[in-house]
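*Asks:* Just passing along the structure, written as C-alpha cells.
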Amino acid sequence: QITDPGMFSHVKDSVVLVGSAAGDDFVYYRLQVGSGLNPRTWLLVGEDTYQPVQDGVLGSWDATGLDGLHTIQLQVIRSDQRVDAAVLQLTVDNQPPQVAILSPLHGEDVNPRAGQITFLADAQDNLEIQRVEFYLDSDLIETRYQAPYAIPWQSEPGEHSLRVVAVDKAGNQVEDSIEFTVTP
C-alpha cells in the first residue's frame, strides 16, 4: 500500500512515496506511473527493489514539468509469480497561480469613505487555489479560501504597502505587491 501522499493529493516537483511493500513470498516491488485515471502505458519509477519496506520510503517520483492527473502503481511480485498491486491517483500541478491586486492601485492616494478601504485581488490557477493571503506593511491581516478575494480594512493615514500571496493546492505560490498612501 501507498500511504503518503494521500489519494487525489495535489503534488509538484519531486514526490516521495511512502508505504509498505512486503509480506509472504516477497521477491521484489516496483513503482510505475501513468498519465490519467486509467493509464494505457506505464513508466518505471526508479528500479525494481529487492528489499521489502514496511511503513517507509518506497521511492521518489520526479514529476517536474508534468501537470494533470497521474496514477502511481505499486506492484509486489511474489515467489509464485503472483502480483499484488495498489494504485494511487495524484493531481500534479507545477504551474504557479496568478495574482493581481485590483484595488487600491500602485501609487494611489486613497481617500477612504467612512474610514474604510476594500483590498481587492484577483487570483487564478490552472487547477485550484488553496488560499490568498493579504499582508499590510509586512503583517498578515487576512486569509481568504474562496473568491471573491476582498477584505475591508479600517484605514490609517500614511504610506502603506500591500502584498497579496496566492497559493494553489500543490503549494505553488506567487505574489503581487503595491504601495499606496491614505490621505485623511
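The values are calculated or read from the model by the stated rules, or taken from the named source; none is laboratory data. Keep in mind the model is a prediction, meaning the values are calculated, not measured. Here Cβ is always computed from backbone atoms with ideal geometry, including for glycine, and neighbour counts include all displayed protein chains. Areas reflect the complete protein model, heavy atoms only, side chains present, ligands, DNA and RNA absent. Shrake-Rupley method; radii C 1.70, N 1.55, O 1.52, S 1.80 Å.
*Asks:* Output ³J(HN,Hα) for region 20-25: one whole-Hz value per residue in order, computed from phi by the Karplus curve 6.51 cos²θ - 1.76 cosθ + 1.60 with θ = phi - 60°, and x for Gly and Pro.
*Replies:* Using θ = phi - 60°, the values come out as 9, 9, 7, x, 4, 6 Hz.
*Asks:* Something else now. Quick one: which residues, 5+ away or cross-chain, put their amide H under 5 Å from the amide H of Ala22? H built at 1.01 Å from N.
*Replies:* Val53
*Asks:* To the nearest 20 debye, what is the magnitude of the charge dipole of region 47-184 about its Cα centre, counting +1 on the Cβ of each Lys and Arg and -1 on the Cβ of each Asp and Glu? Present the calculation step by step, with values, prior to reporting the outcome.
*Replies:* Values: 7 positive and 23 negative charges, 84 e Å.
The calculated dipole for region 47-184 is roughly 400 debye.
*Asks:* At 1.4 Å probe size, with every protein chain present, just tell me what the per residue accessible area of the chain comes to in Å².
*Replies:* That works out to 55 Å² per residue.
*Asks:* Here is a further query. Residue-wise, which Karplus ³J(HN,Hα) couplings in Hz belong to region 52-63, taking 6.51 cos²θ - 1.76 cosθ + 1.60, θ = phi - 60°, and x for glycine or proline?
*Replies:* x, 10, 10, 6, x, 6, 8, x, 10, 10, 8, 9
*Asks:* On to the next question. Give the Cα extents of region 1-143 along the principal axes, in whole Å, largest first.
*Replies:* So the extents along the principal axes, rounded to whole Å, are 78, 29, 19.
*Asks:* Now a separate question. Per-residue HN-Hα couplings for region 85-90, Karplus 6.51 cos²θ - 1.76 cosθ + 1.60 at θ = phi - 60°, whole Hz, x for Gly and Pro?
*Replies:* Calculated HN-Hα couplings, in order: 10, 9, 10, 9, 9, 10 Hz.
*Asks:* Here's a follow-up. Any chance you could look up the accessible area of Glu47 with a 1.4 Å probe, heavy atoms only, rounded to 10 Å²?
*Replies:* 150 Å²
*Asks:* Could you tell me which residue out of Ala121, Ala170, Gln51 lies farthest along the dipole of the chain toward its positive end? Charges go on the beta carbon: Lys and Arg +1, Asp and Glu -1, centred on the Cα centre.
*Replies:* Gln51
*Asks:* Return the long-range amide H neighbours of Phe119 (sequence gap of 5 or more, or a different chain), with a cut-off of under 5 Å between placed amide H atoms.
*Replies:* Ile151, Trp153
*Asks:* Calculate, in nm to one decimal, what Leu43 and Leu120 gain on full extension: separation in residues at 0.36 nm each, minus their alpha carbon distance. Display every interim value, and only then the final one.
*Replies:* Details: separation 77, 0.36 × 77 = 27.72 nm, distance 4.45 nm.
Between Leu43 and Leu120, full extension yields 23.3 nm more.
*Asks:* Something else: Which listed residue (Val15, Trp153, Val99) has the Cα farthest towards the positive end of the charge dipole for the chain, taking +1 on Lys and Arg C-beta and -1 on Asp and Glu C-beta about the Cα centre?
*Replies:* The one lying farthest along the dipole's positive direction is Val15.
*Asks:* Evaluate the relative contact order of the chain (contact order divided by residue number), counting alpha-carbon pairs under 8 angstrom at least 6 apart; express in whole percent.
*Replies:* It comes to 21 percent, rounded to a whole number.
*Asks:* Less than 15 Å Cβ to Cβ from Val16, Lys/Arg counted +1 and Asp/Glu -1: what total charge do the surrounding residues give?
*Replies:* Net charge around Val16: -3.
*Asks:* What does the charge count near Thr91 come to, summing +1 for each Lys or Arg and -1 for each Asp or Glu among other residues with Cβ under 12 Å from its Cβ?
*Replies:* Working: positive: Lys12, Lys169; negative: Asp67, Asp93, Asp125, Glu128, Asp168.
Here the count lands on -3.
*Asks:* Within the accessible area of region 85-132, what % is carbon and sulfur when the probe is 1.4 Å and the other protein chains stay in place? Walk me through the numbers on the way to the answer.
*Replies:* Numbers: 1120 of 2550 Å².
Looking at region 85-132 in its full context, I get 44 percent from C and S.
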